1. Quick check on my filter: what residues within the range 122-147 are out of contact with any Lys or Arg (no Cβ under 7 Å at 6 or more places or on another chain) and under 16 Å from Ile204 (Cα atoms)?
2. Before we move on, is Thr217 β-branched (Val, Ile, Thr), open to solvent by less than 50 Å² (accessible area, probe 1.4 Å) and part of a loop (DSSP other than H, G, I, E, B)?
3. If I filter the range 255-275 down to residues being open to solvent by less than 80 Å² (accessible area, probe 1.4 Å) and within 12 Å of Asp79 (Cβ to Cβ), which single residue comes out as modelled with the lowest pLDDT?
4. Condition first: open to solvent by less than 10 Å² (accessible area, probe 1.4 Å) and outside any loop (DSSP other than H, G, I, E, B). Now tell me which residues in the range 114-136 satisfy that.
5. From Ala209, Ala190, grab the single residue that is out of contact with any Ser or Thr (no Cβ under 7 Å at 6 or more places or on another chain), crowded, with 18+ Cβ neighbours inside 10 Å and more than 19 Å from Asn101 (Cα to Cα).
6. Somewhere in the range 142-162, is a residue within 12 Å of Gln227 (Cβ to Cβ) and in a strand (DSSP E or B)?
7. If we scan the range 168-175, do we find a residue that is part of a loop (DSSP other than H, G, I, E, B) and in contact with a Cys (Cβ under 9 Å, 6 or more places away or on another chain)?
8. Got a number for residues in the range 63-74 being farther than 22 Å from Leu106 by Cα and in contact (Cβ under 8 Å) with a residue 60 or more places away in the chain?
Amino acid sequence: MKKFIAFMLTMVMVLSLSACGSSGSDSGSDGDTASGSGASSESDQEYVKDKGTLVIGITDFEPMDYKDDNGEWIGFDADMAKAFGESLGVEVEFVEIDWDNKIMELDGKTIDCVWNGMTLTDEVTSSMECSDPYCNNGQVVIVPSDVADKYQDTDSLSDLTFAVEAGSAGEKEVSALELNCTAVKTQADALMEVAAGTSDAAVIDSLMAAAMVGEGTGYDKLTYTCQLNSEEYGVGFRKGSDLAKALNDFFKKSLEDGSMMECAEKYGVQAAIIE
């Protein structure tokens with residue numbers, strides 16, 4: 001029976017911002033702040049309001065960002081992003097990006113933020129102004145169900161070839177274990193590689209695995225086995241952006257009024273609020 005992986009919606013700004021700084025960028029080991037050398041003196045919030053559009057860089061990542069039958073972007077992240085745009089009084093535009101180029105896209109102002117189940121790695125927090133974490137996640141190994149019993153821990157993975165999304169947390173974990181891997185464009189492509197038999201296994205986010213792998217899904221002959229790490233999701237803006245604090249405030253209000261929980265339940269995600 002398909003397992004279901006829970007994630008945590010966190011409320012780190014309920015009592016004090018001082019513990020984490022004015023934005024989540026301080027959560028990285030790099031310790032860069034908005035006043036650092038990469039900071040922008042321009043108000044990103046005013047820039048977005050002036051042009052009337054918040055451009056969000058995403059990939060196809062169910063249940064966070066994916067298209068419905070009408071071609072509209074939906075999902076937990078997509079719906080929360082639309083609500084945030086409404087709170088700013090601007091339209092939201094979703095743009096599919098090459099995940100490996102997300103920082104370049106952001107700095108080049110082709111997008112205004114990255115909101116797509118993004119892991120708060122040291123690279124991300126040192127290069128972006130990040131929101132506080134809103135979700136706990138992990139990277140899991142995907143294999144065909146009929147061989148899953150052979151691959152229940154990291155020691156058993158050495159003979160496998162992996163498909164991973166380029167520039168992803170999954171690629172980082174596989175590389176750290178010195179496993180044989182091929183980088184593909186998206187996590188969905190990594191799943192297709194395993195389903196087609198061109199790769200033995202994939203490493204993807206546990207949230208995506210819960211939605212797309214196992215009984216009752218489009219990949220019912222695949223399953224997930226061991227989890228390689230534990231990580232946090234956040235939203236990334238340009239370094240020095242005041243939109244990170246605005247989003248933290250929005251997250252806090254969404255937790256307090258219950259709308260974030262409703263959105264999580266809408267997409268079949270178990271959620272636990274941290275009081």
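The values are calculated or read from the model by the stated rules, or taken from the named source; none is laboratory data. None of the values given here were measured: they were computed from a predicted structure. Using ideal geometry, Cβ is built from the backbone for each residue, glycine included, and neighbour counts are taken over all protein chains shown. These area figures cover heavy atoms from the full protein model, side chains too; ligands, DNA and RNA do not enter into them. Shrake-Rupley method; radii C 1.70, N 1.55, O 1.52, S 1.80 Å.
1. Cys135, Asn136, Asn137, Gly138, Gln139, Val140, Val141, Ile142, Val143, listed by residue number.
2. Yes: the conditions hold for Thr217.
3. Val269
4. Across the range 114-136, the qualifying residues are Val114, Trp115, Asn116, Gly117, Met118, Val124, Thr125, Met128, Glu129, Cys130, Cys135.
5. Of Ala209, Ala190, the one residue that is out of contact with any Ser or Thr (no Cβ under 7 Å at 6 or more places or on another chain), crowded, with 18+ Cβ neighbours inside 10 Å and more than 19 Å from Asn101 (Cα to Cα) is Ala209.
6. Yes, the range 142-162 contains at least one residue that is within 12 Å of Gln227 (Cβ to Cβ) and in a strand (DSSP E or B).
7. no
8. Number of matching residues: 1.
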